[in-house]
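Have a look at the structure below before the remarks.
The values are calculated or read from the model by the stated rules, or taken from the named source; none is laboratory data. Keep in mind it's a predicted model, so treat the numbers as computed, not measured. Cβ sites come from the backbone with ideal geometry, for glycine too, and all protein chains shown count toward neighbours.
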Amino acid sequence: MKIQIYDNYEHMSLAAAKLLEAQIRLKPNAVLGLATGSTPIGLYQELGRLYREENLDFSELTTINLDEYVGLGPDHPGSYRYFMDQQLFSQVNIDYDSTYVPNGLADDPEEEMADYEALCDYLPRDLQVLGIGHDGHIAFCEPDDSFATYCHVAELLDSTIAANKRFFRSKEEVPARALSMGIKQILNAKKILMLVNGEAKTAALKAMVTGPVTPKVPASILQLHPDVLVLCDEAAAKEL
Ligand code: PGA
């Protein structure tokens with residue numbers, strides 16, 4: 001695991017965008033794993049600028065997102081499909097049919113995730129962007145007694161619901177279940193780019209990097225992946 005520390009969120013985001021830009025220019029038909037949440041917003045804004053001002057071409061890319069809320073469709077402002085459409089897909093020339101996000105409105109969520117597992121096998125990712133939760137989760141793989149190996153339907157912890165309520169009008173509106181990629185598919189990506197910013201993530205970052213590999217801190221499993229780059233800001237890194 002390599003770690004690079006930047007003085008602030010903006011510089012971390014620009015560095016992340018440079019890496020994605022290099023990936024896309026070197027391999028225009030790359031498969032990228034993408035994440036939602038506050039963390040990658042600066043990265044996506046810079047990718048939009050690179051498209052508009054520096055001819056970065058997204059037309060041959062394929063993207064696969066990590067997760068989605070059960071019960072929310074593309075028109076719901078809290079859904080991750082809506083987030084991706086707003087933050088990135090509508091800002092660049094990507095082929096919408098080559099962007100995959102689990103379907104939160106699937107009649108059978110379990111079947112949806114079995115299909116998503118097969119999709120991930122079929123489209124191995126060149127690079128996976130990740131964020132980390134305060135409790136060390138990645139995607140919606142929550143702290144537990146064992147790792148959530150496969151794509152699955154996750155019951156969200158109260159702490160995750162509380163952390164994500166800022167994207168909704170109230171805590172009650174946050175769905176209690178989500179569709180999530182599992183640890184196996186996350187580790188299947190050739191390269192992993194983890195972004196961590198802010199003081200609220202200090203403990204999670206420290207546990208991921210220096211703690212034991214344990215399902216109580218799902219991100220700690222990344223210590224076993226051969227090519228993980230962590231970009232963080234000074235606030236998050238202050239206990240490393
Ligand atoms: P955040 O979420 O970027 O909104 O902090 C990260 C996560 O929960 O994985």
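Numerical summary
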read-out: Residue check for ILE94: modelled with pLDDT of 95 or more and either touching a Ser or Thr at 6+ places or on another chain (Cβ under 6 Å) or within 16 Å of the ligand (Cβ to nearest atom) (or both); value: no
read-out: Candidates ALA235, ALA176, filtered to the one that is closer than 26 Å to HIS11 by Cβ, small (Gly, Ala, Ser) and either surrounded by fewer than 21 Cβ atoms within 10 Å (Cβ to Cβ) or in contact with a Lys or Arg (Cβ under 7 Å, 6 or more places away or on another chain) (or both); value: ALA235
read-out: Among the residues listed as PHE89, PHE58, the single one being more than 18 Å from the chain's Cα centre (by Cα), buried (at least 19 other Cβ atoms within 10 Å of the Cβ) and away from the ligand (no atom under 16 Å from the Cβ); value: PHE58
read-out: Check on PRO77, within 16 Å of the ligand (Cβ to nearest atom), outside any helix (DSSP H, G or I) and crowded, with 17+ Cβ neighbours inside 10 Å; value: no
read-out: Residue match in segment 31-46 (condition: surrounded by fewer than 22 Cβ atoms within 10 Å (Cβ to Cβ), part of a loop (DSSP other than H, G, I, E, B) and at pLDDT 95 or above); value: yes
read-out: Contacts under 6 angstrom Cβ, first residue in segment 163-177 being within 15 Å of TYR80 (Cα to Cα), partner assigned to a helix (DSSP H, G or I) and within 12 Å of the ligand (Cβ to nearest atom), 6 or more apart; value: VAL174/ILE161; VAL174/ASN164; VAL174/LYS165
read-out: Top-ranked residue of segment 61-71 - restricted to ones that are assigned to a loop (DSSP other than H, G, I, E, B) and within 18 Å of the chain's Cα centre (by Cα), ranked as nearest to LEU179 (Cα to Cα); value: VAL70
read-out: Out of MET208, MET194, MET181, sole residue that is touching a helix residue (DSSP H, G or I) at 6+ places or on another chain (Cβ under 6 Å) and within 14 Å of the ligand (Cβ to nearest atom); value: MET208
read-out: Strands (runs of 3 or more DSSP E) contained entirely in segment 127-240, each with at least 1 residues that are under 30 Å from ARG25 (Cβ atoms); value: 127-130, 191-196, 228-233
read-out: Hits in segment 108-151 - residues which are of a type in the set (Gly, Ala, Ser) and either within 12 Å of the ligand (Cβ to nearest atom) or closer than 17 Å to ALA204 by Cα (or both); value: GLY131, GLY133, GLY136, ALA139
read-out: Filter result for the condition that a residue is closer than 17 Å to VAL129 by Cα and out of contact with any strand residue (DSSP E or B) (no Cβ under 6 Å at 6 or more places or on another chain), over ILE41, ILE64; value: ILE41
read-out: From the options GLN86, GLN23, residue that is free of Cβ contacts under 8 Å to residues at least 60 places away in the same chain, part of a helix (DSSP H, G or I) and not charged (D, E, K, R); value: GLN86
